[in-house]
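Below: one structure, written as structure tokens.
A short reminder: the numbers here are calculations on the coordinates, not readings from a lab. Bear in mind the structure is a predicted one, so any value in this text is a computation, not a measurement. Reconstructed Cβ throughout: ideal geometry from the backbone, glycine too, with neighbour counts over all protein chains shown.
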Amino acid sequence: MVDQWIEEIKKKCPPDRLGMILVHNGVVRAVSKSGSPVARMNLSFDRAALDKTVRRFKAREGIVEIRAWINEGVLNVGDDIMVVCVAGRFRADVLPVFQELVALIKTEIVTEDEAS
């Protein structure tokens with residue numbers, strides 16, 4: 001998926017506006033943030049909120065493309081949780097959008113329930 005996204009972005013985006021592509025691949029960890037063991041995770045997300053958020057962030061200065069995929073359902077340790085890709089002009093444009101978008105997805109769009 002990521003390789004395909006990168007290839008499509010390079011073909012689609014104007015080369016004078018594309019200087020960086022960042023990818024986040026979240027994975028189910030075997031240990032929670034609090035240190036408890038995790039066997040699996042039940043994950044859901046608000047699809048409409050994700051679409052709206054991606055459109056809003058894509059409109060920011062210096063951003064040429066954003067792709068986001070979230071793996072919904074019962075996930076096991078090692079499974080992909082999400083993949084987020086942000087492409088843009090300069091590092092100064094892309095990094096803050098990338099960081100804010102991933103944090104927003106994790107805190108406001110995704111609902112996770114870890115089980116031991």
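Observations, loosely collected:
- Cβ separations smaller than 8 Å between residues 6+ apart or across chains give the following pairs from the stretch 1-14 residues that are in contact (Cβ under 8 Å) with a residue 60 or more places away in the chain to residues that are among the small types (Gly, Ala, Ser): ILE9/ALA87; CYS13/ALA87.
- Members of the stretch 30-60 found to be closer than 24 Å to ARG91 by Cα and of a type in the set (Ser, Thr, Tyr), listed by number: THR53
- Of all residue pairs spaced 6 or more apart or on separate chains, those with beta-carbon atoms under 9 Å, a first member in the stretch 34-45 that is farther than 15 Å from MET82 by Cα and a second member that is surrounded by fewer than 18 Cβ atoms within 10 Å (Cβ to Cβ) and among the basic types (Lys, Arg) are VAL38/ARG29.
- If the condition is being surrounded by 11 or more Cβ atoms within 10 Å (Cβ to Cβ) and part of a loop (DSSP other than H, G, I, E, B), then the stretch 1-29 contributes MET1, CYS13, ARG17, LEU18, GLY19, VAL28, ARG29.
- The stretch 64-82 - residue that is aliphatic (A, V, I, L, M) and more than 20 Å from VAL31 (Cα to Cα) and, of those, surrounded by the most Cβ atoms within 10 Å (Cβ to Cβ): ILE66
- Count - residues of the stretch 94-116 that are more than 10 Å from the chain's Cα centre (by Cα), touching a residue at least 40 places away in the same chain (Cβ under 8 Å) and in a helix (DSSP H, G or I): 6
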